[in-house]
């Protein structure tokens, strides 16, 4: 998005970005778009580290870094720009110093605080695209809703143990409209019992780094117009098997005009029905009639299952006809997170009202 007619690349910049400029379909004008762009990275941890680093190296002109945390020893396992000498220092300040050294031509703004509802609009309005590199649902929904209000593209990634997901929301489509946003997939935040952060659930640093790098790639595509961003699609990554797949989803506009995808009548605005492992055992040993859907991957199902019908999460959009809308349907996965995602999608996109999440998933059942 070149707005300054006097903007140009110096001879040193042409040399620095020569590997970009030698790409088929990537010209000097594309590099100038990156130089003219303003990118906000919210969260300077495992995702923000590689995302900010590769964007700085790619030639982003101005970058904002927002994070209210300080460096802790447990961060060093995956947040590779931090060293033991940084312990106790604000993450945003340390990361800003590192990437400024990487690319001195880039202007860096530091927000050593968490983005709050009171200032989210003012901060986001200063940038062309936002990266959600947080691990808190409150921040995720705040950033989404702010970007919706301001028509700002949002590149969001998250990691749960050995699984990751990535999507680009609100990017400009060929017809001038905007692609879907986070609430199209997950209309309401999950219950607190379904949120496990990396401190309690664990995480492999290399997987977080992979997702952060993919976020940077999505930003480059959004800013330059090359390739196809993950618009109205979500990438799912299984770090154990290296299985990667994308799922498509319906946007709010499509759902509001399509009689086949109404919002579930009478469903509460937040929360979902849940069943404990103990209650499910009683159902299975008694006369209770229900359907059990397992949204894990085939290799997980083969290792251990409860006899439910296997429909991996990535196949849910294309397998809706296999999931009954009558009677009680219990949805399960390993820990209750993927099943919650499946329920959010089926409820918002296909009007289901009879879905029940197995709280804690197979882990709770085993315990």
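Each reported figure results from applying straightforward, stated rules to the coordinates on display, with no laboratory input. The structure presented is a predicted model; accordingly, all values stated were derived computationally and were not measured. Please note: Cβ atoms are built from the backbone with ideal geometry, for glycine as well, and neighbour counts cover all protein chains shown.
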From DSSP H assignment alone, runs of 4+ in the chain each adding -39500 (n - 2.57), the sum over residues rounded to the nearest 500 puts [θ] at 222 nm at -9500 deg cm²/dmol
Percent relative contact order for the chain, counting Cα pairs under 8 Å at least six residues apart, stands at 14 percent
Expressed in Å to one decimal, the Kirkwood Rh of the chain from all distinct alpha-carbon pairs is 21.8 Å
Rounded to the nearest Å, the spacing of the alpha-carbon centers of the range 324-342 and the range 343-365 is 3 Å
Output ordering of 273-280, 38-45 (per-residue mean of other Cβ within 10 Å, highest first) is 38-45, 273-280
Over all directions, the range 259-366 yields a Cα convex hull whose mean projected area in nm² is 6.7 nm²
Each label sits 7 Å from Cα toward the beta-carbon; between residue 285 and residue 309 the label points are separated, in nm, by 2.7 nm
Using alpha-carbon positions, the gyration tensor of the range 37-254 gives root eigenvalues a ≥ b ≥ c; with a/c under 1.5 called rounded, otherwise prolate if a/b exceeds b/c, else oblate, the class is rounded
Ranked output for segments 112-120, 291-299 by mean other Cβ atoms within 10 Å, highest leading, reads 291-299, 112-120
Per the 1/(1 + (r/R0)^6) rule, R0 = 30 Å and r from the Cβ atoms of residue 22 and residue 319, FRET efficiency to 0.05 is 0.10
